[in-house]
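*Asks:* The structure's right below; bear with me while I get my questions together.
The values are calculated or read from the model by the stated rules, or taken from the named source; none is laboratory data. Computed from a prediction, not measured in an experiment: that's the story for all the values here. Cβ coordinates were reconstructed from backbone atoms using ideal geometry, including for glycine residues, and neighbour counts include every protein chain displayed.
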Amino acid sequence: MMSDFHFLRPWWLLALLLPPLIVWLSARAGDIRGRWTGMIAPHLMESLIVEPDHRNHMKPAWLLALVLTIAVIGVAGPTWQREPPPFVSDTASLVIAVDLSPSMDATDITPSRIERVKLKIHDILAARPGARSAVVAYSGTAHLVVPLTDDAALIQSYTDALATPLMPKPGKDTAAALRLADQLLRSDGASGTILLMTDGAEEQAIQAASDIGSLVVLGVGTEQGGAIKSANGGGTAGVSKLDLTALKDFGRQTGAAVATITDDDADIRWITERVATNFTQQTASDGDRWRDLGWWLIIPVALFFALSFRRGWVMKVAVLIFVLPFFSPPSAQAGSLADMWLTADQQGRLAFEHGEFAAAATLFHDPMWKGTAFYHAGRFQEAVNAFALSDTEEGWFDQANALMHLAQFEDAITAYGNALAKRPDWPEAQANLALARTLLKQQQDEESQPEQPNEKPDSIQFDDKGKKGKAGQIDMAEQTSEMWIKNIQASPADLMARKFAIEAERRAP
């Protein structure tokens, strides 16, 4: 922490020369003997000079110097912590790795372990609205079910179809699932957490988990265990118990947070809190914004000013409060009670935190915060105008995000390019730039397509000449195959089963 300590506004530290000057002037003014030396004979000095009462050890000059010192340090902006930029507060990514080994069909929790996992995934998605999530399924092999997306309905449609018979190879390869989940986060360039939902972990997974930054494990099942339902629905295929000892050892050696599934939503709250905490730590350590901690020094300044109500000091403080403001510029004078204690940006921040984005936008003076408030209020054109006042990589990036909402993809591409010119290795800007180019191409393709006539044709004639010969047979075959592809219907379970089988076959030696 101390290695990161610095001041956001270090030039204000030059004002620290003022407190010792005040103390020196006060001491010089209080030296009565020094002022009369040379004017009164030394042998008469002791009888003619009356010294003030020195029992008052706390002098106004010393208190004023102390308060000024603390205030100057606070204005200089001491900091040692980073904070995430305003536009990444809702982008915490989560990759859910679901164990589909045969033991997940155990019925020690109703209706079964895998069915309870599906319900928990629903609850997790509901607790993280707008956040991006992905799902990985594994047993003897690991496969991607849904990539990172914020479409909760799409994720639920595929996770509801998860079942142990879908997996092409039995077993439990947790290491492969963790590597696949980590690869998803790395390729996306997003800060996120991996949630492992399983009833046990093998020793081979410890090495794979040691290279993962944020990992959360939810144990599914009970230590008493339960019967495993047979795949064909008849009878049981053995008994399975939750290997809690192995999960605890896994968490101890890898640093992963471990908990067990509950009947209520306590486990859901635990997961969302861990995901949010991991995301805050990651974005704060990687972000470019430093948290201004100088405002904490307002507390000791207020406490020391309370001493100014001592006898004889009220007039001195009154001079500071009522006389000095007349020498300040008009723009620094407070216009309301709130202005006496909070700056416009601080008042805007309070309104922003209460969800009053339109009001916050009118209060903010800082262009980045003003643009952020307009953005959250849905006033994207005004957000673009505010972000344009900041010629920084964050200003160009946020301006491009607002332009994307206005469907001005060409301008957004230019803005993303300016942001990357100032910060080339910015994965979020690179991803958004690629998306903007894709959307621009789609927009141009739609504009180039001719409009379909709405009028019905006078007559329809069929040309039977093309049916004769080889060319005609190929055309009919292509049309038939296209119609067959359009009419084919497959459930998510069938699609996943085919996909997993093809991937497992390709990986086989």
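*Asks:* Within the stretch 184-193, is even one residue surrounded by fewer than 21 Cβ atoms within 10 Å (Cβ to Cβ) and free of Cβ contacts under 8 Å to residues at least 24 places away in the same chain?
*Replies:* Yes, that holds for at least one residue.
*Asks:* What pairs can you find where one residue is in the stretch 366-388 and under 17 Å from Leu350 (Cβ atoms), the other is part of a helix (DSSP H, G or I) and among the basic types (Lys, Arg), and their Cβ atoms are less than 9 Å apart, with a gap of 6+ or different chains?
*Replies:* Trp369/Arg349
*Asks:* Can you tell me which residue is nearest to the chain's Cα centre (by Cα) among those in the stretch 386-414 that are closer than 14 Å to Pro367 by Cβ and assigned to a loop (DSSP other than H, G, I, E, B)?
*Replies:* Applying the filter and picking the extreme gives Thr392.
*Asks:* Checking Ala175 against (1) surrounded by fewer than 20 Cβ atoms within 10 Å (Cβ to Cβ); (2) under 22 Å from Leu119 (Cα atoms); (3) aliphatic (A, V, I, L, M), which test does it fail?
*Replies:* (2)
*Asks:* Does Ala190 meet the test of being assigned to a loop (DSSP other than H, G, I, E, B) and at pLDDT below 90? Walk me through it before giving the result.
*Replies:* Working: assigned to a loop (DSSP other than H, G, I, E, B): yes; at pLDDT below 90: yes.
Spelling it out, Ala190 is indeed assigned to a loop (DSSP other than H, G, I, E, B) and at pLDDT below 90.
*Asks:* For the stretch 115-148, which positions are buried (at least 22 other Cβ atoms within 10 Å of the Cβ) and over 16 Å from Asp99 (Cα atoms)?
*Replies:* Ile124, Ser133
*Asks:* Where in the stretch 235-323 are there helices (runs of 4 or more DSSP H), lying fully within it, with 1 or more residues that are modelled with pLDDT under 60 and within 30 Å of Ala71 (Cβ to Cβ)?
*Replies:* On the way: elements: 244-254, 266-286, 298-306, 314-318.
Per the criteria, 266-286, 314-318.
*Asks:* Scan (1) under 22 Å from the mean Cα position of the chain (by Cα); (2) of a type outside the set (S, T, N, Q); (3) at pLDDT below 85 for the single condition Ala434 breaks and write down its number.
*Replies:* Here Ala434 meets the rest and fails (3).
*Asks:* List the number of the failed condition for Thr438; all other conditions in (1) buried (at least 20 other Cβ atoms within 10 Å of the Cβ); (2) of a type in the set (Val, Ile, Thr); (3) free of Cβ contacts under 8 Å to residues at least 12 places away in the same chain hold.
*Replies:* The one condition Thr438 does not meet is (1).
*Asks:* Now for a separate question. Please tell me if Ala227 is over 26 Å from Ala127 (Cα atoms), touching an Asp or Glu at 6+ places or on another chain (Cβ under 9 Å), in the same structural domain as Glu115 (by TED's automatic domain parsing) and modelled with pLDDT under 85. Outline the logic, then answer.
*Replies:* Numbers: over 26 Å from Ala127 (Cα atoms): yes; touching an Asp or Glu at 6+ places or on another chain (Cβ under 9 Å): yes; in the same structural domain as Glu115 (by TED's automatic domain parsing): yes; modelled with pLDDT under 85: no.
Spelling it out, it is not the case that Ala227 is over 26 Å from Ala127 (Cα atoms), touching an Asp or Glu at 6+ places or on another chain (Cβ under 9 Å), in the same structural domain as Glu115 (by TED's automatic domain parsing) and modelled with pLDDT under 85.
*Asks:* In the stretch 237-259, what residues are in contact with a helix residue (DSSP H, G or I) (Cβ under 7 Å, 6 or more places away or on another chain) and under 24 Å from Ile212 (Cα atoms)?
*Replies:* Filtering the stretch 237-259 down to residues in contact with a helix residue (DSSP H, G or I) (Cβ under 7 Å, 6 or more places away or on another chain) leaves 237, 240, 250, 253-254, 256-259.
Of everything in the stretch 237-259, those that are in contact with a helix residue (DSSP H, G or I) (Cβ under 7 Å, 6 or more places away or on another chain) and under 24 Å from Ile212 (Cα atoms) turn out to be Phe250, Gln253, Thr254, Ala256, Ala257, Val258, Ala259.
*Asks:* Here's another thing I want to ask about it. Modelled with pLDDT of 55 or more, within 29 Å of Val145 (Cα to Cα) and among the aromatic types (Phe, Trp, Tyr), is that true of Trp426? Reasoning before the result, please.
*Replies:* Details: modelled with pLDDT of 55 or more: yes; within 29 Å of Val145 (Cα to Cα): yes; among the aromatic types (Phe, Trp, Tyr): yes.
Answer is yes for this residue.
*Asks:* So, of the residues in the stretch 256-277 that are over 12 Å from Leu195 (Cα atoms) and not charged (D, E, K, R), which turns out to be surrounded by the fewest Cβ atoms within 10 Å (Cβ to Cβ)?
*Replies:* The selected residue is Ala266.
*Asks:* What residue, of Trp12, Trp36, is at pLDDT 85 or above, surrounded by 10 or more Cβ atoms within 10 Å (Cβ to Cβ) and not assigned by TED's automatic domain parsing to the domain that holds Lys370? Please lay out each step first, then the result.
*Replies:* Details: Trp36 fails: at pLDDT 85 or above.
One residue alone meets the criteria, Trp12.
*Asks:* Something else: Quick test of your reading of the structure: Asp99 fulfils all but one of (1) at pLDDT below 85; (2) among the acidic types (Asp, Glu); (3) surrounded by 14 or more Cβ atoms within 10 Å (Cβ to Cβ). Name the failing condition by number.
*Replies:* (1)
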